[in-house]
Amino acid sequence: MTDTALQSLLGKLTDALGGRAALEGAAVERTIATGWRRHPGWGTDPAKPELVAEFSATLDLDVVGPRYRWAHRAKTYLVPTDLDYVEVGAGGRGHVSGVDFMFDPRPVDLDIPSWRVAARLRHFDLTSPLRLVRRMLAPGADVTAGPGDVLTLREFGRPPVRVTLDAATGLPRHADLTEEHSPLGDAAVRITFDDFHDVSGVRVPFQVDITVDGQHVHSETRTEASISASASEELFAVSGEIVEPTLEQAAYALNSTEWVMNYVYSGVRFYFDLQTAPVTPEPVDLAPGVKLVIGPSHNTMVVELPDRLLAVESPLYDDYSRAALAQVKRAFPGKPLRELVCTHFHYDHVGGVREFAADGDLTVHVGTPAVEFFERALSAPHHVDPDRLASGPVRTSVRGVAESLSFETAGGGTVTAYRIVSDHADDMMIVHVSSGGLVFNSDLWNPTPGLPESGDQRGRLATQLYDAIQALGLDVTTVVGGHRGSDGKTSAHAAPIEYLKRAAGY
Ligand SMILES: [Zn+2]
């Protein structure tokens, strides 16, 4: 399309939103909204996004500069918690005060890293037509028009955004982009704007919805909006040190924004932390021939077989799992990793599956209901943020476990994956290692440093784990966690079976 066509389409959008003078006169956009978020990578089945939070929020957003103030209250559902916090971001600095973490609902008052601020700002860019149009009108902006009533904004280091205008009104109907959503790769993100109202001469959408690969993950209804002609410095005041990101952390914030937001709205902080290495330099011993790689939030168990290694769990994302995989390989030198057991499909437990598969000849064992999901993850395009597997496809296979699957270990015992019935996920498996009497589980019960209170569990998950161990007749002395449990002071990656029994309420 010609320059004239671009000017005409950009003019149509500008006029529809209130005209250039009104847009340039708007300094701060305040919106008050209620809504919900669903997480596509949690829940019982990959086809059903899980409701993770219902929220109400007040946002003060600098229409041009990198500044926001976000007051957030939410009910979370994975762990029922009332979040209530205020987060302020300005440039590379940020601060949060209040309850922002569902696993530990004690109020915090702390600086947040620059990549958390960057991910938030990118989310606000995508959900505020005022911010989008101001970026398009900025001197030197790379904007192209067409085909049809579409304007594409290209910015360095972030996926291009295609804004489709309503042919009749010129208002933005939706914004489309492709992000990287681990482990599935390229994900089609669509933000839909509706119910525009005139607010101080500019038009603001009162309904904003987001879909990812066609799944409805976010709905936000704005009940009030106002525009200020000047920014109060006090509103965005934030002191403290700037925590600089690594390249990976910076890229995650901008390439995977809505993926990060799934976790943020859920009330978990670990994806904002974006840790990229295990917390101990080498894996810890669990029993002869069995070790555990301790991650910042998620662990990987390694079992030595006669001629190869078996790993349980490939958590988080490729930048973390690369470091975890190095520890897996070093755990028992000379033996290649050939078997991977995934306890369930939840994204945070399988985000490294492609990195684990990239060396080739890996068989991934999963509960039968999740076979299709894992095949998709291992073959899906990753153009936005290519990983090691994208650069060189290798032989990998996915096998479904209907009931159980057993391997002989190097010490002459067995390691067996069992499907169990759980409210947490339909494909759930636990892994039993006969020597040492170990059982590994993820998300059903996190081992605690001390004896828990009777019945202290999430829903019925600990009871379901304990009942399954009994029903299968497993000889278990120690329960190992995909997550560590904590009493607020210390944490544990393994605990006696009696602790689980107590948490289960027996
Ligand atoms: Zn889970």
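Structure values in brief
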{"item": "Fraction of alpha-carbon pairs over 23 Å apart in region 3-272 - percent", "result": "52 percent"}
{"item": "Unsatisfied cross-links (Cα-Cα over 30 Å) in the set Lys48/Lys75; Lys335/Lys501; Lys12/Lys48; Lys48/Lys335", "result": "Lys335/Lys501; Lys12/Lys48; Lys48/Lys335"}
{"item": "Scattering curve values for the chain, log₁₀ I(q)/I(0), Debye with Cα scatterers, q = 0.06, 0.07, 0.08, 0.11 Å⁻¹", "result": "-0.30, -0.41, -0.53, -0.93"}
{"item": "Computed [θ] at 222 nm, helices only, for the chain once each DSSP H run of length n ≥ 4 contributes -39500 (n - 2.57)", "result": "-6500 deg cm²/dmol"}
{"item": "Against the rule of thumb 2.2 N^0.38 Å, how large the Cα Rg of region 45-138 comes out", "result": "1.20"}
{"item": "Average accessible area per residue (Å²) across region 3-272 - probe 1.4 Å, nucleic acids and ligands excluded", "result": "38 Å²"}
{"item": "Residue-normalised accessible area of region 391-436, given per residue in Å² at a 1.4 Å probe", "result": "47 Å²"}
{"item": "Dipole in debye (nearest 20) - the chain, about Cα centre, beta carbon charges: Lys, Arg +1; Asp, Glu -1", "result": "220 debye"}
{"item": "Order by protection proxy (mean Cβ within 10 Å, highest first), peptides 82-91, 476-485", "result": "476-485, 82-91"}
{"item": "Value of D in µm² per second that Stokes-Einstein yields for region 277-503, Kirkwood Rh from Cα pairs, at 10 °C (1.306 mPa s)", "result": "91 µm²/s"}
{"item": "Charge tally in the Cβ shell below 14 Å around Ser379, where Lys, Arg are +1 and Asp, Glu are -1, Ser379 excluded", "result": "-1"}
{"item": "Alpha-carbon centroid distance for the pair region 44-107 / region 459-483, whole angstrom", "result": "33 Å"}
{"item": "Restricting region 187-243 to GluC sites (Glu not before Pro) in coil, as DSSP defines it, with at most 11 other Cβ within 10 Å", "result": "Glu241"}
{"item": "Over region 361-478, volume per residue of the alpha carbon convex hull, in Å³", "result": "156 Å³"}
{"item": "With every protein chain in place, the chain: carbon and sulfur % of accessible area (1.4 Å)", "result": "51 percent"}
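The values are calculated or read from the model by the stated rules, or taken from the named source; none is laboratory data. Just so it is clear, the model here is predicted, and its values are computed rather than measured. Because the Cβ atoms are built from the backbone with ideal geometry, glycine has one as well, and the counts that use them run over all protein chains shown. Heavy atoms of the whole protein, side chains included, go into the accessibility calculation; ligands, DNA and RNA do not. Shrake-Rupley method; radii C 1.70, N 1.55, O 1.52, S 1.80 Å.
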